[in-house]
Amino acid sequence: MTEEEIREWFLRQIPEDWFAGPPQVEWDDDEILVLGPLDDSALAAGSTTDGLPPEARAGRAHRFRADTRDQRMRIANEAQHEFGRKVAWGVTMGDERILFTTLSVPVMTRLRLPERLVLDTLVQAGVARSRSEALAWCVRLVGRHEAEWIKELRDALVRVNELRRRGPA
């Protein structure tokens, strides 16, 4: 299944009036995440600051989550059957992503003493509660600072997978 096929499947299933634009669809081997932009112009009209108060964004996201729950669960169940992955949902308002229930998947790694010392320092300094949380913090930091490079790498992988799919059997 290609990225475009999964994205198109969700676009056919999701009601047109849910989002202010097309949803983003991201996935890995375990989970599909559907993120839709919410129209927050009505909230912004009453705002006197450059951004919306966090409470207004959270309230808007909560209402969307409650109003669409039954339909989202139906779509998620169909997608899980179709693609063999759990489906998570979220919304975006401006640059903010508000995720609903998502998977937290254990990942095993082997680290040598210097890498473990980095994690332990983060735990001892109170940045993280555990090595696991410290490692997740490091991954988020790399993702934030190397986002463009990671995007280029993902785009290249999409091209490689497409070539493999079209290649000889």
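The values are calculated or read from the model by the stated rules, or taken from the named source; none is laboratory data. This one's a predicted model, so the numbers in the text were calculated from it and none came from an experiment. Glycine gets a Cβ as well: all are built from the backbone with ideal geometry, and neighbour counts include every protein chain shown.
So the values come out like this:
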{"quantity": "Identity of the residue in the stretch 11-44, within 15 Å of the chain's Cα centre (by Cα) and in contact (Cβ under 8 Å) with a residue 60 or more places away in the chain, that ends up nearest to T68 (Cα to Cα)", "calculated": "L35"}
{"quantity": "Which listed residue is assigned by TED's automatic domain parsing to the domain that holds W27 and either part of a loop (DSSP other than H, G, I, E, B) or aromatic (F, W, Y) (or both), from W89, W149, W137", "calculated": "W89"}
